[in-house]
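Okay, structure first, notes after.
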Amino acid sequence: MDGTFTVRLRKSGQTVEVGPDESILTALNRIGVHHPSSCWGGMCGVCLARVASGDPDHRDFILNERERQSKLIVLCCSRSLSPVLELDL
Ligand code: FES
């Protein structure tokens, strides 16, 4: 999905719309949630988080298939294939 989707944070209950031209990390920063980050290019893994529900669209260069199946997601570049992506944050 290249359009807008919603990210919901399971622990805090916060939600944010992620626009087509911004990353999940950027959207989180916009609502005051400052998750660790470094390269912003899907290469370092600093921004890793765990998916609680939804269908991630992985666009990183570091996670292998097993890690993707275990619900890890790279927040600086990955998106969502489902309208709502819930993170374990
Ligand atoms: S900040 Fe480096 S992979 Fe996301």
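The values are calculated or read from the model by the stated rules, or taken from the named source; none is laboratory data. This one's a predicted model, so the numbers in the text were calculated from it and none came from an experiment. Cβ atoms come from the backbone with ideal geometry, glycine included; neighbour counts cover every protein chain shown. The area values use the complete protein model at the heavy-atom level, side chains included, leaving out ligands, DNA and RNA. Shrake-Rupley method; radii C 1.70, N 1.55, O 1.52, S 1.80 Å.
Observations
- For segment 30-70, the per residue solvent-accessible surface stands at 63 Å², with DNA, RNA and ligands left out and a 1.4 Å probe.
- The chain: proportion of alpha-carbon pairs further apart than 19 angstrom, %: 28 percent
- Highest GNM mean-square fluctuation among Gly42, Gly32, Gly19, for the chain modelled with Cα contacts below 10 Å: Gly32.
- Protein heavy-atom surface of the chain, 1.4 angstrom probe: 50% of the accessible area is carbon and sulfur, with nucleic acids and ligands not counted.
- Choice from Val74, Val51, Val33 with maximal GNM fluctuation in the chain (Cα, 10 Å cutoff): Val33
- Relative contact order for the chain, counting Cα pairs under 8 Å that sit 6 or more residues apart, in percent: 38 percent
- In a reduced charge model with +1 at each Lys and Arg Cβ and -1 at each Asp and Glu Cβ, segment 5-87 shows a dipole moment near 300 debye about its Cα centre.
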